[in-house]
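K.L.:
I'd like to ask some things about the structure below.
The values are calculated or read from the model by the stated rules, or taken from the named source; none is laboratory data. Here the structure is a predicted model, which means the values were calculated and not measured. Here the Cβ is made from the backbone with ideal geometry for all residues, glycine too, and neighbour counts use every protein chain on show. Ligands, DNA and RNA are excluded from the accessible area calculation, which covers all protein heavy atoms including side chains. Shrake-Rupley method; radii C 1.70, N 1.55, O 1.52, S 1.80 Å.
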Amino acid sequence: QVQLVESGGGLVQAGGSLRLSCAASGFTFNINAMAWYRQAPGNQREFVAEVTPGRTTNYADSVKGRFTISRDNAKNLAYLQMSRLQPADTAVYYCNTGGPLRGYWGQGTQVTVSS
């Protein structure tokens with residue numbers, strides 16, 4: 001059974017930093033890409049960042065240079081280090097493994113950035 005559990009969100013002032021974690025289970029973590037998405041109130045869920053099994057990374061233009069995605073295959077964890085946060089980054093953040101398992105989502109973790 002695929003499970004994705006996000007954590008690490010919170011309230012932070014603009015310019016601050018947070019690190020999100022995604023604990024994954026129920027699939028072979030080290031051969032799957034991991035991605036972060038976010039959904040702000042009234043908006044559709046949008047792509048934020050992805051790390052492939054080979055650790056190639058891709059980012060949405062809006063977060064390039066500020067966010068860093070990484071993974072720890074030994075612990076089945078994916079991370080999203082967020083720096084220079086802006087109020088526009090306020091959203092619920094979700095991780096996802098894509099491909100045939102793209103329908104599985106965790107409960108998300110709320111990130112709120114105050115101005």
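K.L.:
Show the residue pairs meeting these rules: Cβ distance below 6 Å; 6+ apart or different chains; first residue within region 98-115 and closer than 17 Å to PRO41 by Cα and in contact (Cβ under 8 Å) with a residue 60 or more places away in the chain; second residue polar (S, T, N, Q) and open to solvent by less than 60 Å² (accessible area, probe 1.4 Å).
P.N.:
Going by the 6 Å Cβ cut-off, the qualifying pairs are THR109/SER7; THR112/THR90; VAL113/THR90.
K.L.:
Filter region 1-52 down to residues that are among the β-branched types (Val, Ile, Thr), open to solvent by 60 Å² or more (accessible area, probe 1.4 Å) and outside any loop (DSSP other than H, G, I, E, B), then give me how many there are.
P.N.:
Residues flagged as among the β-branched types (Val, Ile, Thr), open to solvent by 60 Å² or more (accessible area, probe 1.4 Å) and outside any loop (DSSP other than H, G, I, E, B) within region 1-52 amount to 2.
K.L.:
Taking the condition among the charged types (D, E, K, R) and open to solvent by 20 Å² or more (accessible area, probe 1.4 Å), does ARG71 pass?
P.N.:
No: the conditions fail for ARG71.
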